[in-house]
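Visitor: Please find one structure pasted underneath; my questions will follow.
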Amino acid sequence: MLSGQDTISLQQLEKENRILKKKLERSQADQSKLEATNYNKESLLKNVIGELQVSQAILEKKSSDLKQAFEELTLMRDKLVEAEKMSALATLVAGVAHEINTPVGTSITLASTLADETATLSMAVAQGQLKRSTLTDYVEIATESTALLMANLDRAGELIQSFKQVAVDQAILEHRTFRVKEYLEEVLASLGPHFKKTLHTLVLKGDESLSINSYPGALAQIATNLVTNSLTHAFESKPLGTICIDVSTQNGKILIQYSDDGCGIPPENLGKIFDPFFTTARHRGGTGLGLHIVYNLITQKLQGSIEVRSTIDKGTHFEILLPLSHLPLFGESSRELKCS
């Protein structure tokens, strides 16, 4: 028989046992919940991993498609750039045709007049009716016609020689030494027809003796594109304007300052003008590659720099810095031609 003290101890033990059972039950319940939670998490993780794998496959496909699209766009841009370069060359050729038309046309007229007078003189001689006055008139006409013929043909020859060099330079981009201002005069002469139909003027000034060892064809392309850009955009709403190009030196480099007093470039567009395909004249057939080509030729081909600033209704100013001596990059033509 248990004593009172033993009964109390037994009751205490039973109580503690019940508490421990409840704790064990709660622990087992918590473990079941934890296992269920872990299972749900594992299942969710598997689903997430599966979705990520699907997404990765989709992204890889899109990346491949974007890469292909980028390559196609790059190829298209290169083709458009070449087309733009050929367009500038076509502008040059049109200038050549227009400039030599006058001296050649005059020469043809003079030659025709001289031929008619010679035929008249020959007929008079054949018929025995040659008079002293007829001979005198013929000699005067022949002398004057010959002098005018020589002058006009010399002028045509000079134009052809000048434009021939510029055309070859633009087509081949040959590396040689040349005088910057003198060469720019030849390039800008080819753009003369564009100014004859307007009230715009073109001023070129600077040191005649400054020479550079570089790519004259690239410089011709740059000048052509800048002038064309001014005529197309800066003077679109201005019938009267001036383009000024100044050649000098700065810190041992050639400094070419190009400015126009046109309508200027809006501040929101100033940072975009060298971007490919950016143009405000898309409705008039603009490609947005003119200044992009200028930037690439200066910074890559000629290893120089270009900066621009502009004020609305006052004009735009470009500063181009070029090294006096340019070393051809690997794979480029290194043959040099000397010209004064």
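Visitor: Do we find a residue being at pLDDT 90 or above and buried (at least 19 other Cβ atoms within 10 Å of the Cβ) anywhere in region 183-198?
Guide: Yes - at least one qualifying residue is present in region 183-198.
Visitor: Across region 299-340, which residue is modelled with the lowest pLDDT among those that are of a type in the set (S, T, N, Q) and under 20 Å from the mean Cα position of the chain (by Cα)?
Guide: Looking only at region 299-340, we keep the residues that are of a type in the set (S, T, N, Q), and these are 299-300, 303, 305, 310-311, 316, 325, 333-334, 340.
Going one step further and asking which of them are under 20 Å from the mean Cα position of the chain (by Cα), we end up with 299-300, 303, 305, 310, 316.
On the way: THR299: 89, GLN300: 84, GLN303: 90, SER305: 95, SER310: 94, THR316: 95.
Checking each candidate, the answer is GLN300.
Visitor: Still on this model: Would you check if ALA234 is under 14 Å from ILE256 (Cα atoms) and modelled with pLDDT of 85 or more? It would help to see each step written out before you state the result.
Guide: On the way: under 14 Å from ILE256 (Cα atoms): no; modelled with pLDDT of 85 or more: yes.
Taking the combined requirement at face value, the residue does not satisfy it.
Visitor: Identify, please: which residue in region 275-298 is of a type in the set (A, V, I, L, M, F, W, C) and under 22 Å from PRO216 (Cβ atoms) and is, among those, modelled with the lowest pLDDT? Spell out the reasoning first.
Guide: So the first thing to find is which residues in region 275-298 are of a type in the set (A, V, I, L, M, F, W, C), and the list is 277-278, 281, 289, 291, 293-294, 297-298.
Remaining after also requiring under 22 Å from PRO216 (Cβ atoms): 289, 291, 293-294, 297-298.
Details: LEU289: 70, LEU291: 85, ILE293: 83, VAL294: 88, LEU297: 87, ILE298: 92.
Step by step, filter region 275-298, then rank; the result is LEU289.
Visitor: Output the number of residues of region 224-274 satisfying the condition of being among the acidic types (Asp, Glu) and under 23 Å from LYS205 (Cα atoms).
Guide: First pass over region 224-274, keeping only residues among the acidic types (Asp, Glu): 236, 246, 260-261, 268.
The next check asks that each one be under 23 Å from LYS205 (Cα atoms); those that pass are 246, 260-261.
Count: 3.
Visitor: Further question: What are the residues in region 237-256 that are surrounded by 15 or more Cβ atoms within 10 Å (Cβ to Cβ), assigned to a loop (DSSP other than H, G, I, E, B) and out of contact with any His (no Cβ under 6 Å at 6 or more places or on another chain), if any?
Guide: Result: LYS238, single match.
Visitor: Report whether or not GLU82 is of a type outside the set (Ser, Thr, Tyr), at pLDDT 75 or above and in a helix (DSSP H, G or I).
Guide: So GLU82 does not fit the description; no.
Visitor: Within region 3-18, is there a residue that is at pLDDT below 80 and outside any helix (DSSP H, G or I)?
Guide: yes
The values are calculated or read from the model by the stated rules, or taken from the named source; none is laboratory data. Source: prediction; values computed, not measured. As a convention, Cβ positions derive from the backbone with ideal geometry for all residues, glycine included, and neighbour counts pool all protein chains shown.
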